[in-house]
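Please treat every number below as a calculation from the coordinates, not as lab data. In this text, all values refer to a predicted model and were calculated from it rather than measured experimentally. Methodologically, a virtual Cβ is constructed for each residue, glycine included, from the backbone with ideal geometry; neighbour enumeration extends over all protein chains shown.
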Amino acid sequence: MAVPATMIYFTAYDQLKYLMGFSDCQGTKLWIPMVAGAIARVGAVTVISPLELVRTKMQSQHLSYSQIGTAVKTAIEQGGFLSLWSGLGPTVLRDVPFSCIYWLGYESLKSELTRRSGTDQPTFYQSFIAGAVAGTVAGILTLPFDVIKTHRQIELGETELSKAKTTSTWSLMKRLYKQQGKAALFSGIVPRIVKVAPACAIMISTYEYAKSYFRTYNKNKAAGITGLDLLAK
C-alpha cells in the first residue's frame, strides 16, 4: 500500500510543481512546493484512506482478515459507506500540513546544499539529509493530528460506542488535552520520529536518484548515445 501511494504522491507533486513554474535548486517561489504538496497529498490520502483504516483496525485489535471483514460490514451498517473514510478529516489535517512543511523544508534545504556544493542537482547524500531533517520537523509539528486520527480509526465497528462518543476532530483533541494533558497529544513522538525521519530520507533520496538516472538515460537515448558509447569514453 505504501509503495504505490508514495509513487502516486511524489509523481503528482513533481508534475504540479513544474506546472506551477517551480525551478529545482533555485530557492525561489517556495510557496509552490507547499501548494503542490498539499494538493497531491489530498488526492493520495482520499484514495488510500479506506485501506489505511483497515490496517489500523487490524493492528489495534489483532483481527484476522475474516474478522476485519465483519468489522467493516458492521461499520457500513451503522454509519453507511462513508464510514470507510472515518478518520479522513484528522488524516487530512495531519498529512496536508505535513506535506506543506515537509516540501517547504526539503526544497529549501536541497537548494542550500546544492548551492554550497556548487552543483545544480542534489546528490543521494544531500537528498537523504534534506529529507530526514524536513521529515523530522514536519512529523513533530503534526503529531497531534496523527494521535487523533488513530483514536478515530480504532473506533471502527465498535458497536458498544454510543453516538455521544462520535465527536469531531477538535472535540476529541480538546477532550484528550483536558483528560490527559498536553503529553497525550504528543504520545508516541519517539516512535514517530524513528519511523518518519528514515522513511522520508530513504524515499526522497531514492526517488531523486531514480529521477536523475532516467532523465540522463532518456537524454542520452534521444542523442543516440548508448551504454557502450559511454564505456568507450
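Give the peptides 105-118, 195-208, 133-146 in descending order of average Cβ contacts within 10 Å, highest first. Could the numbers behind the result be given before it?
Working: 105-118: 17.3, 195-208: 18.9, 133-146: 20.9.
Averaged packing, sorted descending, gives the order 133-146, 195-208, 105-118.
At full extension, residue 5 and residue 195 could sit 66.7 nm farther apart than now, given 0.36 nm per residue minus the alpha carbon distance. For segment 30-39, the Karplus equation 6.51 cos²θ - 1.76 cosθ + 1.60, evaluated at θ = phi - 60°, returns couplings of 6, 6, 5, x, 5, 5, 4, x, 5, 5 Hz by residue, with Gly and Pro reported as x.
Sorting the segments 17-28, 32-43 by their residues' average number of neighbouring beta-carbon atoms within 10 angstrom, most packed first, yields 32-43, 17-28.
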